[in-house]
Amino acid sequence: MSIAARPWPGLELGAAPAFALIRESSLTVSSPAQRHLEWEGCFNVRDLGGLPTADGRTTRSGAVLRADALDGLTAAGRAALTAHGIRTVIDLRSDDERGCDAAPRPASASTIDLPLDGTGDREFWRVWQSGPQFGTPLYYRPHLDRFPERSAAVLSAIAGAEPGGVAFHCGGGRDRAGQIAMLLVSLVGVAPEDIATDYALSTERLRARYAARGEDDQGPRLASFLAGKGTTVGEASSQPSLTLTSRRVFATPDSRIRTSQPYGSG
């Protein structure tokens, strides 16, 4: 049985929501350079707008952004966030990661803390926490199997956010943010190959972040690990089972993103 066909506890099966929040009729596809945002203090911020969808439209610019930790923003970076129209920030980090986050937030933006990891489940994290596997898309499907309600809660928060743009972030903006971005844009029909291209952009953007923090670039190590598993970053981040899953399994019963509108209509 495919992952898309299996009913997970806490989730429902049905037609994917239209997600008017991030889809428009424009046929203009944005380049990676256009989608990347230079916000001082962060290194991996990009708009999820301008991606082509299966029904001939594109995702709407300015609606949803993915990012590395936004507590790194300088005053100029926070001003850029405000100017971009962001009114809701969703923090995917665990509580211990946010413990020292005392950076001011723009008064115009509210923050929602929705830890994605589920670190209390030691059985799961004994397998995934140590080693490079957590820095790859290989853990996405096991995580969705184990904690489907956590991803669903983030999608619900995005769809139910107050008017204005939404930015979600983790630490580096690649792994947890990558999982949510994959699920979100596949809901509106972005193709697996375009999802993989978006994911791969973080490899380049994070080089500067590692350098600024005096850390080794993880990119070569992760690529070597994936090669040892017989795959690549592109192949691992474009798994058909994951993108199909997000179109079929999309909401908890109390979610505000459900709709009876069939996928691809509107």
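The values are calculated or read from the model by the stated rules, or taken from the named source; none is laboratory data. Only a predicted model underlies this, so the values are computations on that prediction, with no experimental measurement involved. Positions of Cβ are generated from backbone atoms using ideal geometry, with glycine treated the same way; all protein chains shown enter the neighbour counts.
Restricting attention to the stretch 41-50, and to residues there that are assigned to a strand (DSSP E or B) and not aliphatic (A, V, I, L, M), which single residue is nearest to GLY173 (Cα to Cα)?
Taking the stretch 41-50 first, the residues assigned to a strand (DSSP E or B) are 45-47.
Restricting the remaining residues to those that are not aliphatic (A, V, I, L, M) gives 46-47.
On the way: ARG46: 10, ASP47: 12 Å.
Per the criteria, the residue is ARG46.
Could you please give the count of residues in the stretch 109-157 that are assigned to a helix (DSSP H, G or I) and within 21 Å of VAL233 (Cβ to Cβ)?
In the first step, residues of the stretch 109-157 are kept if they are assigned to a helix (DSSP H, G or I); the result is 122-128, 132-135, 137-146, 148-157.
Next, only the ones that are within 21 Å of VAL233 (Cβ to Cβ) stay: 127-128, 132-135, 137-144, 151.
Here the count works out to 15.
Please name all residue pairs, on different chains or six or more residues apart, with Cβ atoms under 6 Å, provided the first residue is in the stretch 54-77 and is touching a residue at least 24 places away in the same chain (Cβ under 8 Å) and the second residue is crowded, with 21+ Cβ neighbours inside 10 Å and polar (S, T, N, Q).
ASP68/ASN44
Looking at the stretch 158-177, which of its residues are closer than 19 Å to ARG98 by Cα and either modelled with pLDDT under 90 or part of a helix (DSSP H, G or I) (or both)?
Residues satisfying the conditions are ARG176, ALA177.
Exactly one of these conditions fails for THR232: (1) free of Cβ contacts under 8 Å to residues at least 12 places away in the same chain; (2) closer than 27 Å to GLU40 by Cβ; (3) surrounded by 14 or more Cβ atoms within 10 Å (Cβ to Cβ). Give me its number.
Evaluating THR232 over (1) free of Cβ contacts under 8 Å to residues at least 12 places away in the same chain; (2) closer than 27 Å to GLU40 by Cβ; (3) surrounded by 14 or more Cβ atoms within 10 Å (Cβ to Cβ) leaves (2) as the failure.
Restricting attention to the stretch 224-238, and to residues there that are over 20 Å from the mean Cα position of the chain (by Cα) and in a helix (DSSP H, G or I), which single residue is farthest from SER202 (Cα to Cα)?
Pass one, the stretch 224-238, residues over 20 Å from the mean Cα position of the chain (by Cα): 224-231.
Keeping just the survivors that are in a helix (DSSP H, G or I) gives 224-228.
Details: SER224: 17, PHE225: 17, LEU226: 16, ALA227: 18, GLY228: 21 Å.
Restricting to residues being over 20 Å from the mean Cα position of the chain (by Cα) and in a helix (DSSP H, G or I), the top hit is GLY228.
Can you tell me which residue within the stretch 51-104, out of those that are part of a loop (DSSP other than H, G, I, E, B) and among the acidic types (Asp, Glu), is modelled with the lowest pLDDT? Explain how you work it out, then say what you get.
So the first thing to find is which residues in the stretch 51-104 are part of a loop (DSSP other than H, G, I, E, B), and the list is 51, 54-57, 60-63, 68-69, 73-74, 84-85, 92-94, 99-104.
This time we only want the ones that are among the acidic types (Asp, Glu), so: 55, 68, 101.
Values: ASP55: 82, ASP68: 96, ASP101: 53.
Looking at the filtered set, the residue picked out is ASP101.
Can you tell me which residue within the stretch 18-50, out of those that are over 17 Å from the mean Cα position of the chain (by Cα) and within 27 Å of GLY160 (Cβ to Cβ), is modelled with the highest pLDDT?
My answer is TRP39.
Within the stretch 80-91, restricting attention to residues that are touching a residue at least 24 places away in the same chain (Cβ under 8 Å) and among the small types (Gly, Ala, Ser), which residue is farthest from ARG213 (Cα to Cα)?
Step one: of the stretch 80-91, the residues touching a residue at least 24 places away in the same chain (Cβ under 8 Å) are 80-82, 84-91.
If we keep only those that are among the small types (Gly, Ala, Ser) too, we end up with 80, 85.
Working: ALA80: 22, GLY85: 29 Å.
For the stretch 80-91, the residue satisfying everything is GLY85.
Which one is surrounded by the most Cβ atoms within 10 Å (Cβ to Cβ) among residues in the stretch 51-65 that are more than 16 Å from GLY164 (Cβ to Cβ) and of a type outside the set (Val, Ile, Thr)? Steps first, please.
First, pick out the residues of the stretch 51-65 that are more than 16 Å from GLY164 (Cβ to Cβ): 51-59.
Now restrict to residues that are of a type outside the set (Val, Ile, Thr): 51-52, 54-57.
Values: LEU51: 26, PRO52: 17, ALA54: 13, ASP55: 14, GLY56: 10, ARG57: 18.
Of everything passing the filter in the stretch 51-65, LEU51 is surrounded by the most Cβ atoms within 10 Å (Cβ to Cβ).
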